[in-house]
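Notes follow the structure.
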Amino acid sequence: MRKYSIILILGLLVGLSACEDLNRFPQTEISPELFFNTEEDLSLYINGLLSLPDRGSYLNDQSTDNAATTGAVEMKTIMIGSASAENITTGWDWSRLRNINYFLNNFQKAAVSADVKNHYAGLAKYYRAEFYMGKVKRFSDVPWFSKPLNPGDEELYKTQDSRAMVVDSIMADLEFASNHIREKVPAGTPGKWAAKMLYAKIALYEGTYRKYHTELNLQSSANKFLEKAAAVAGEIRSSGKFSIYNTGKPAQDYSTLFNSQDLLGNTEVILTNVFDQAKNRSQNVNTVTFGEYEQSPARDLIQTYLMKDGSRFTDITGYQQLGFVKEFENRDPRLSQTMVYPGWIRQPETLPYIQKLNKNFTGYHQLKGYVNSNVETVINGVDFPVYRYAEALLIYAEALAELGTITQAHLDQTVNLLRKRAGLPDLNLVAANADPDAIQAQKFSNVSGTNTGVILEIRRERRVELAFENSRYDDLMRWKSGKLLTNIPEGMYFSGLGKYDLTGDGVEDIILIDKSASIPTEAQKLKNSLGVTLIYYKAGAFGEEVTVYMKNGHAGGTLVTETAVRKFEDPKYYYRPVPQQQILLNPNLKQVFGW
């Protein structure tokens, strides 16, 4: 009876208007007096609110400069189309908030100790903070509701509250949550350290957002959030509960975090989303992740990775004309644990995989998040690391760098632990600031001051360490670097028509022929020195009747994924409009920043 009742409570309809979402009261399903009585009741309700990021996160960099996509992702659609409040209509949904507030309005009725009540209230506030930060990221100013509303309540028709007020409320929720949620919780649910992790993430986001987004006129409060980010991430670090997963195998330790059947015992993972087909918890994102459908990694990301000796790949003379095999030589080992590399073998095959080329794709394939197995239970049973200690260290380092208080000791306690796992030399504070990377400096031209070099290197480290973990878009937004999204992702480089080795053994695997040529029959196709038939592709300029689009047509260049001109309106496109239908329902709602 209780399980059925909680399903009714949480089964509120999605897609109602904002007013209906907030005042829908489930009295007809269950009375609060009959349910919120025991810890079992509180636990049952809170478990119904559980919602964790999953392996779909490996697909979410399609909105960034990390990947090309053939999908209709919102950011790309906005930049190449005519966006308005009439056609950007998602995100203004409040049903989850109503469920959270309903709990917070009733949990005190339970006949349990204050500690028990506060634990579950802390979880509810954790979920509310997470919910509201998603709204702030999208709309900036939003109405703050701390209780479920009834039909006719004037609050239903109020205007938005200020970003400052809403974020202060979020921080208060997270302060409560991090102080009251238990450390020991059921596997796969947020505990004390997960709450602190979310606290640190949001504090860093807001601190850097306020620092770089002058349109908010909130720069004066930026350091307060950066200090909180450093303090909370510092608590996680000094707790001694977590460590970077490092068994001394730089070629595989990093990838273990993303292809493990059991992360619960991994000391780097703060919160795990557990998958196990035998327990009806399955997920398979192999098809989309790999890069044969919809998304493919961008060359700009590949070029961000350092060389194995710590030098910059982009300092190599002629790096822009290096082909696929050369790009992967002597690089940061994380590159070959994130992307398919020359010589990689795809199960159940026994020979090296040959990159598949296709129009609108970069030619690179994503390995991170891909499960290299043909066993269904293995593919479906890989856990997802929701929060990693590596990110806590990066938050700590970035906050201190932005505050201007970072030292070499701080780098050694954070970024350099990640580099050690990868077998890279340490990041040196003095050297980084003395010689900032010119390409990074051009991308992030709003970074200034004596710590410019180290801030740019920490940003590089975030992009590399957290690639395809759904952090890049938020990073670009908070750094006010939306202009980078106007660069159309490019693919691997070919010098022109001809034969190419893609497996790294020095033997040609494919041949690019002119658009006017005919692909011969199987019997007439050329073979390589190993007696293997070459794979044929017609190559030419974008839009021609070919399979491979090259920047300079048959003369070669990087693979072209699209040509539609992208435009990023600053500051407008850092935000989204309130859907016009909601403005009609509540005329007190206002659009911000040109929407």
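The values are calculated or read from the model by the stated rules, or taken from the named source; none is laboratory data. The model shown is predicted, which means the values in this text are computed figures rather than measured ones. Positions of Cβ are backbone-derived with ideal geometry, glycine not excepted, and every protein chain shown enters the neighbour counts. With ligands, DNA and RNA removed, areas are computed over all heavy atoms of the protein, side chains included. Shrake-Rupley method; radii C 1.70, N 1.55, O 1.52, S 1.80 Å.
With the contact rule set at Cα under 8 Å and sequence spacing of 6 or more, what percent relative contact order holds for region 222-333?
Numbers: 64 pairs, mean separation 17.0, N = 112.
Once divided by the residue count of region 222-333, the mean separation gives 15 percent.
What number does the chain give for Rg over Rh if you use C-alpha atoms and the Kirkwood radius?
Details: Rg = 25.6 Å, Rh = 25.9 Å.
Radius of gyration relative to Kirkwood radius: 0.99.
For region 123-191, what are the per-bin percents of Cα-Cα distances with bins 5 Å wide, up to the bin holding the maximum?
Pair shares across the bins are 3, 16, 22, 20, 17, 11, 6, 3, 1.
Thinking of region 270-353 as a set of Cα atoms, what percent of all their pairs are more than 22 Å apart? Please report the intermediate quantities before stating the final value.
Values: 1541 of 3486 pairs.
Across region 270-353, Cα pairs with separations above 22 Å total 44 percent.
How far is it, in nm, from the label point at Asp54 to the one at Thr38 when both lie 7 Å from their Cα along the line to the Cβ?
Rounded to a tenth, the inter-label distance reads 3.0 nm.
Hey, can you rank 446-453, 96-103, 42-49 by average C-beta count inside 10 Å, highest first? Please report the intermediate quantities before stating the final value.
Working: 446-453: 15.2, 96-103: 22.1, 42-49: 19.1.
Order by mean packing, descending: 96-103, 42-49, 446-453.
Among the chymotrypsin sites (Phe, Trp or Tyr not before Pro) within region 488-547, which fall in a DSSP loop and have no more than 16 other Cβ atoms within 10 Å of their own Cβ?
On the way: sites: Tyr493, Phe494, Tyr500, Tyr536, Tyr537, Phe542; in loops: Phe542.
Loop-located and lightly packed - Phe542.
Just to verify a number: FRET efficiency for Ser31 and Gln252, C-beta to C-beta distance, R0 = 56 Å, to 0.05?
Values: r = 56 Å, r/R0 = 0.99.
It comes out at approximately 0.50.
Please give, to one decimal in nm, the separation of the simple spin-label points placed at Ala85 and Ile583, each 7 Å out from Cα toward the Cβ.
Taking the simple label geometry, Ala85 and Ile583 are separated by 0.2 nm.
Summarise the accessible area of the chain (1.4 Å probe, protein heavy atoms) by the percent that is carbon and sulfur.
Working: 12000 of 23930 Å².
Heavy-atom surface of the chain belonging to carbon and sulfur, 1.4 Å probe: 50 percent.
Please list, in order, the residues from region 228-254 whose amide nitrogen is less than 16 Å from a point placed 7 Å along the Cα→Cβ vector of Gln413.
Counting backbone N atoms under 16 Å from the label point, the list is 228-244.
What's the percent breakdown of Cα-Cα distances in region 432-495 across 5 Å bins, shortest bin first?
Histogramming region 432-495 at 5 Å steps yields 4, 15, 24, 25, 18, 9, 4, 1, 0 percent.
Could you give the accessible area per residue of the chain, probe 1.4 Å, as a whole number in Å²? Working shown, then result.
Numbers: 23930 Å² over 595 residues.
Averaged over the residues of the chain, the accessible area is 40 Å².
Can you work out the FRET efficiency for the pair Asp570 and Ser146, with r the C-beta to C-beta distance and R0 = 25 Å, to the nearest 0.05?
Numbers: r = 33 Å, r/R0 = 1.33.
About 0.15, to the nearest 0.05.
How big is the Kirkwood radius of region 183-228, worked out from every pair of different alpha carbons and given in Å to one decimal?
On the way: mean 1/r = 0.0856 Å⁻¹.
With all distinct Cα pairs of region 183-228 included, I get 11.7 Å.
Before anything else, pin down the relative contact order of the chain: Cα pairs under 8 Å, at least 6 apart, normalised by residue count, whole percent.
Working: 1079 pairs, mean separation 106.5, N = 595.
Worked out over the chain, it gives 18 percent.
Measure off 7 Å from each Cα along the Cα-to-Cβ vector at Ser445 and Thr214, then give the distance between these two points in nanometres to one decimal.
With each label placed 7 Å out from Cα toward Cβ, I get 1.4 nm.
Considering only Ser82, Leu559, Leu497, whose Cα is most displaced toward the positive end of the charge dipole of the chain, charges sitting on Cβ of Lys, Arg (+1) and Asp, Glu (-1)?
Ser82
What FRET efficiency comes out for Asn360 versus Lys184 if R0 is 41 angstrom and r is the Cβ-Cβ distance? Round to the nearest 0.05. Could you put the intermediate results ahead of the total?
Values: r = 49 Å, r/R0 = 1.19.
According to the calculation, E is roughly 0.25.
Once you charge only the Cβ atoms, +1 for Lys and Arg and -1 for Asp and Glu, what is the size of the charge dipole of region 446-520 about its Cα centre, to the nearest 20 debye? Could the numbers behind the result be given before it?
Numbers: 10 positive and 12 negative charges, 118 e Å.
Dipole of region 446-520, to the nearest 20 debye: 560 debye.
Around Tyr396, under 14 Å between beta carbons, what's the net of Lys plus Arg minus Asp minus Glu among the other residues? Mind dumping the intermediate values first?
On the way: positive: Lys196, Lys201, Lys228, Arg237, Arg388, Arg462; negative: Glu227, Glu235, Glu391, Glu398, Glu402, Asp412, Glu461, Glu465.
Local charge sum for Tyr396: -2.
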